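For reference, the structure discussed in these notes is given below.
Only the coordinates and a few stated rules stand behind these numbers; no lab work does. Small disclaimer: the values here were computed from a predicted structure and weren't measured. Note that we place each Cβ from the backbone using ideal geometry, even for glycine, and neighbour counts take in every protein chain shown.
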Amino acid sequence: MRPIKILSISAFLLIVSVGSLGAEEQFSGERALQNIATQLAYGAREPGNVAAKQNTLRYIQQTLETHSNQVTSQTFEAHGLKGTNIWASFVNHKTTGNTGRIMLGAHWDTRPRSDQETSPTKQKMPTPGANDGASGVAVLLELARIFAANPPPVTLDLVFFDLEDMGNINNLPFSIGSREFISRNPFYRPSAGVILDMVCDKNLSIPKELYSKTQAPKLLNRIWAIAKAQNATAFRDKDGSYIQDDHIPFLEAGIPTVDLIHYPFPSYWHTSEDTLDKCSSQSLQQVGNVISSLVYGVP
Ligand SMILES: [Zn+2]
């Protein structure tokens, strides 16, 4: 009986938090969890696994195309690697140019090595990337569905970055795709950005990442105020660390961007254990609800 009781309380909170929206227009943590499973079924999304990357790319593109008529893929070559960023827009025609425009981003690639493993054999294997990669993508794809069902009052861009997780492999940097996106789209400078990375853990812990806190304090405080009002306890009212992630090129371009990332990193981070069973639909739900309120302006 207990789980049913908990479910009904969370359903009530959901209704309170998004006002008069119908069920189909609300973020579903369950659907987001399913989006993670779909990505995992393609295999590791890393440069050595061409088929997995092609299939995942097609899945993300086709899902977005059912919700937006503005979906583009941008291929690039950098550091001797080929990559593809995917960009879907949900334009509100009352907003013009970059003003009042929000970028929501996640990396869709996964790390080609499980270098946090102790066994040398396992270290050479790619990580499955349920949390590290697939979770952020899954939330964005679910948001695309609700943006189509209930157009937001601002223009939204969902950007899926390739080649985030090559950092420190053969001296490569992190966030190759995000950096390419910023340099190849010089006229795209939204007024705010949020990166979602590792957001599905059963004991999700998102403290205030310190580049975000110091360089995008207003946006960060807004997000944490929403989380507090929703009792979204995954958002911790404490400082995290300085983390290299896809928000850095945006911050360097002067765009206030917050990185929502689990910290301290979970024990299975960059190992072969980053699998679906580590994820929780309730954690995804909390993140989806907070981002929904940020976008729709509901307190
Ligand atoms: Zn990673």
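Summary table below
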| item | result |
| --- | --- |
| Fluctuation leader among 288, 136, 48 - the chain, Gaussian network, Cα springs under 10 angstrom | 48 |
| Residue order, fewest to most surrounding Cβ atoms within 10 angstrom, among 107, 262 | 262, 107 |
| Per DSSP, loop trypsin sites (Lys or Arg not before Pro) in segment 80-109 with at most 15 further Cβ within 10 Å | 94 |
| Loop-resident sites, segment 158-242, for chymotrypsin sites (Phe, Trp or Tyr not before Pro), counting at most 16 other Cβ within 10 Å (DSSP) | 187, 242 |
| The chain: calculated mean residue ellipticity at 222 nm from DSSP helix runs of at least 4, using -39500 (n - 2.57) | -12000 deg cm²/dmol |
| Helix runs (DSSP H) in the chain reaching 20 Å along axis by Cα, Kyte-Doolittle at least 1.6 | 2-18, 135-149 |
| Share antiparallel - DSSP beta bridges, the chain, percent rounded to 5 | 45 |
| Cα-based Lys proximity count in segment 23-296, under 18 Å, for pairs eight or more positions apart or on separate chains | 10 |
| Amide H contacts under 5 Å for residue 110, placed H, 5+ residues apart | 45, 46 |
| Highest-fluctuation residue, 69, 170, 289 considered, GNM on the chain with Cα pairs under 10 Å | 170 |
| Alpha-carbon centroid distance for the pair segment 165-230 / segment 22-57, whole angstrom | 20 |
| Gyration tensor verdict on the chain (Cα atoms; rounded if a/c is under 1.5, prolate if a/b is larger than b/c, oblate otherwise) | rounded |
